[in-house]
Amino acid sequence: MRYKWVDVYRGIAVLFMVTLHFFVDIFPVSPIPFLNYEVRGVISIGDMAIALFLFISGVSTYLSISQRKKSESEDDAVKHVILRYAKIFVIGLLLDILLICFAERVWWVLETISLAGILSLFFIPKCFSWKMKVFSIVVIGLCYSYITSIPEIYSMALAFPNGGILGSVPMSGIVLLGYMSGELIMKKRRQSLPVFIRAGILLLLAGFMLSRFITYDRWIGNLPFVILSSGFSILLMVAVYWLVEIKRITSAILSDFGQSALLMFALNYPVLALAANMNLMNSFSITEAALITLILVAFLYIAARLRRSFTKS
């Protein structure tokens with residue numbers, strides 16, 4: 001069973017990430033400051049892109065397990081989710097191997113999402129209360145932030161985008177918060193929205209405050225990033241749920257992107273490889289980069305529509 005608001009949320013995440021990838025990372029000579037997600041210690045709206053995916057993957061995990069538990073055991077439902085995450089990891093790894101061969105770069109987004117998703121599953125059993133789950137996220141994040149303050153370990157984490165395998169550990173907290181949010185919003189529906197608004201604002205403020213004591217670092221996914229981006233993700237969920245489920249305002253474009261998220265990711269790789277091989281990396285003005293991005297997003301939308309057409313037939 002598909003939920004429109006989940007597809008729209010995922011569509012926003014996809015569109016946001018690919019736009020950032022083209023408009024900030026690949027084509028412009030210099031990125032727009034408030035979108036630049038590569039500056040350590042500086043909070044940027046671009047930082048939220050991967051967090052949105054981690055969060056909605058947690059929501060989707062809850063929906064998948066709860067639906068499958070109606071016809072099979074909980075263990076089998078969890079195994080199905082693990083297998084799905086494992087497939088995403090393999091696809092991401094293969095795509096990154098090709099990217100290394102053609103562009104000498106690694107994206108490591110699909111791998112981060114899959115590893116963080118698998119790690120989050122260790123904390124979903126009922127023996128972990130909500131307080132224990134939140135406590136675990138904070139403790140793991142603090143330990144990780146301390147460990148990566150050691151220069152040698154920090155260098156290891158920086159070897160891959162998003163902290164590589166190490167970064168997947170704290171980022172699993174965003175997935176877990178997504179799982180918990182999915183559970184609450186599907187049980188309480190619109191009655192839960194005020195709770196989420198308070199929680200989102202609280203997490204945003206907590207993330208800002210933590211960044212005064214622990215250097216904010218999205219590139220390795222430390223605790224200030226995990227907390228702050230989780231708050232942002234929750235508040236976006238409230239807005240999307242309210243618009244789609246309550247006000248019945250939806251978007252076919254975002255829904256199509258959301259239902260074809262993996263395809264949208266895969267199509268980013270040839271764009272990056274071609275840009276690198278044709279010496280087009282970071283060589284366009286902001287206006288030119290915006291036009292190229294608009295054209296590429298249009299092609300991605302056509303691909304999403306074709307994919308949906310073939311799926312239906």
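The values are calculated or read from the model by the stated rules, or taken from the named source; none is laboratory data. Remember, predicted model here, so these are calculated numbers, not experimental data. We place every Cβ from the backbone using ideal geometry, glycine too, and count neighbours over all the protein chains shown.
A few comments on the model shown:
- For beta carbons closer than 7 Å, sequence separation of 6+ or different chains, a first residue in region 71-100 that is exposed (fewer than 14 other Cβ atoms within 10 Å of the Cβ) and a second that is not in a helix (DSSP H, G or I) and not basic (K, R), the qualifying pairs are I100/V106.
- Test result for G231, in a helix (DSSP H, G or I) and in contact with a Lys or Arg (Cβ under 6 Å, 6 or more places away or on another chain): no
- Complete set of residues in region 26-62 that are on the phi < 0 side of the Ramachandran plot and over 17 Å from the mean Cα position of the chain (by Cα): I26, F27, P28, V29, S30, P31, I32, P33, F34, V39, R40, V42
- Qualifying residue in region 48-58 (condition: closer than 25 Å to I185 by Cβ, touching an Asp or Glu at 6+ places or on another chain (Cβ under 7 Å) and modelled with pLDDT of 95 or more): no
- Within region 73-123, considering residues that are under 19 Å from G178 (Cα atoms) and β-branched (V, I, T), the one farthest from the chain's Cα centre (by Cα): V78
The rows are residues; the columns are (1) buried (at least 17 other Cβ atoms within 10 Å of the Cβ); (2) of a type outside the set (A, V, I, L, M); (3) at pLDDT 95 or above.
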position	(1), (2), (3)
G117	yes, yes, yes
L121	yes, no, yes
K126	no, yes, no
S129	no, yes, no
L177	yes, no, yes
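- Filter pass, L235 being modelled with pLDDT of 95 or more and under 21 Å from D7 (Cα atoms): yes
- The set of residues from region 144-160 being in a helix (DSSP H, G or I) and of a type in the set (S, T, Y) comprises Y144, S145, Y146, Y154, S155.
- Residue match in region 189-208 (condition: without any contact (Cβ under 8 Å) to a residue 24 or more places away in the chain, within 22 Å of S57 (Cα to Cα), out of contact with any strand residue (DSSP E or B) (no Cβ under 9 Å at 6 or more places or on another chain) and not basic (K, R)): yes
- Selection status of S168, closer than 19 Å to L203 by Cβ, part of a helix (DSSP H, G or I) and in contact (Cβ under 8 Å) with a residue 24 or more places away in the chain: no
- Test: I56 is within 25 Å of Y179 (Cβ to Cβ) and surrounded by fewer than 23 Cβ atoms within 10 Å (Cβ to Cβ): no
- For region 186-226, filtered to residues that are β-branched (V, I, T), in contact with a Gly (Cβ under 8 Å, 6 or more places away or on another chain) and in a helix (DSSP H, G or I), the residue that is farthest from I150 (Cα to Cα) is I201.
- Of note, F213 does not satisfy the criterion of being over 17 Å from the mean Cα position of the chain (by Cα), surrounded by 17 or more Cβ atoms within 10 Å (Cβ to Cβ) and either among the aliphatic types (A, V, I, L, M) or more than 30 Å from V106 (Cα to Cα) (or both).
- Boolean, W219 is in contact (Cβ under 8 Å) with a residue 24 or more places away in the chain and either more than 17 Å from G173 (Cβ to Cβ) or in contact with an Asp or Glu (Cβ under 6 Å, 6 or more places away or on another chain) (or both): no
- Qualifying residue in region 274-284 (condition: in contact with a strand residue (DSSP E or B) (Cβ under 8 Å, 6 or more places away or on another chain) and not hydrophobic (A, V, I, L, M, F, W, C)): yes
- Restricting G141, G163 to those that are in a helix (DSSP H, G or I), under 20 Å from the mean Cα position of the chain (by Cα), over 23 Å from V6 (Cα atoms) and modelled with pLDDT under 95 reduces the list to G163.
- Members of region 11-47 that are over 22 Å from P270 (Cβ atoms) and surrounded by 23 or more Cβ atoms within 10 Å (Cβ to Cβ): G46, D47
- Filtered residues of region 124-138 (kept if within 23 Å of the chain's Cα centre (by Cα) and either among the aliphatic types (A, V, I, L, M) or closer than 18 Å to Y216 by Cα (or both)): I124, V134, I137, V138
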